[in-house]
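One structure below.
The values are calculated or read from the model by the stated rules, or taken from the named source; none is laboratory data. Treat the numbers as computed from the prediction; the structure is a model and nothing was measured. Glycine gets a Cβ as well: all are built from the backbone with ideal geometry, and neighbour counts include every protein chain shown. Remember, those area values only see protein heavy atoms, side chains included, never the ligands or the DNA or RNA. Shrake-Rupley method; radii C 1.70, N 1.55, O 1.52, S 1.80 Å.
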Amino acid sequence: NVSKAVEDADAFHAAGEGKWGTDEASLFYIICKAPPTYLRMIDNAYVAKYNHNLERALEKELSGKGKKAAIFHLNMKLNPYHTAAEHIKSTCAGIGTDELGLSCAILRYQHILPRVMVEHVNISSKTVEERVVSETSGYYRKLLVQMIKVAWPEAA
């Protein structure tokens, strides 16, 4: 229902940018409660009325780990494959690999891993398996590669 999405976009604005102080609970309620398709409708209504999307609104209104978590959750609903691919890539960024983060990501995203793997190639020109092989070693590498092959045997 488009009119309900416009109403929720207005409620999102009223809880954040539209007032002094931020009603985080209301922002979180809207992004957590809305199914992905409906959340996209809210996002579109927000852009049409306020000239930027929900992610930008969260960036302006929140800070710290709460901001990072809210934006991640929003993006997992609006663009899950890209968000998961970026998450996997980020676990290997900088000096050292976040092995716990990488393991958790590959395990957590098993149900969507084939599509995440395609998106990962699009954003980094490297397969998830190539990233794992270049960033890990030993039995840990073998375990992660097998987890990837379970999700997408044709990629092997």
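Annotations
- Ranked from largest to smallest solvent-accessible area, with a 1.4 Å probe on the protein heavy atoms, Met147, Met117, Met41 come out as Met41, Met147, Met117.
- Tail fraction, Cα-Cα pairs, the stretch 32-124, threshold 18 Å, whole percent: 53 percent
- Low-density loop positions, GluC sites (Glu not before Pro), the stretch 17-109 - DSSP coil, at most 10 other Cβ in 10 Å: none
- Filter on Lys4/Lys60; Lys49/Lys126; Lys67/Lys149; Lys60/Lys149 - keep pairs with C-alpha separation over 32 Å: Lys49/Lys126; Lys67/Lys149; Lys60/Lys149
- Cα extents of the chain along the three principal axes, largest first (Å): 54, 31, 24
- Karplus-derived HN-Hα couplings along the stretch 77-82 (A = 6.51, B = -1.76, C = 1.60, θ = phi - 60°), whole Hz, x at Gly and Pro: 8, 7, 8, x, 5, 5
- Whole-Å distance, taken between Cα centres, linking the stretch 134-156 and the stretch 20-98: 29 Å
- Anchor Lys65: lysines whose Cα lies under 27 Å away (excluding residues fewer than 8 positions away in-chain): Lys19, Lys33, Lys77, Lys89
- Under a model in which nothing but the beta-carbon of Lys, Arg (+1) and Asp, Glu (-1) is charged, the chain shows a dipole of about 240 debye around its Cα centre.
- Per residue, the solvent-accessible area of the chain (1.4 Å probe, heavy atoms of protein chains only, all protein chains present) comes to 57 Å².
- Dividing the summed -39500 (n - 2.57) terms of all DSSP H runs of n ≥ 4 by the residue count of the chain sets its mean residue ellipticity at 222 nm at -23000 deg cm²/dmol.
- Within the accessible area of the chain (1.4 Å probe), percent carbon and sulfur: 57 percent
- 3J(HN,Hα) from dihedral phi, the stretch 26-31, Karplus parametrisation 6.51/-1.76/1.60, rounded to Hz, x for glycine, proline: 5, 4, 5, 4, 5, 6
- Phi to ³J(HN,Hα) by Karplus 6.51 cos²θ - 1.76 cosθ + 1.60 over the stretch 86-99, Hz, x for Gly, Pro: 4, 5, 4, 4, 5, 5, 10, 7, x, 7, x, 10, 7, 5
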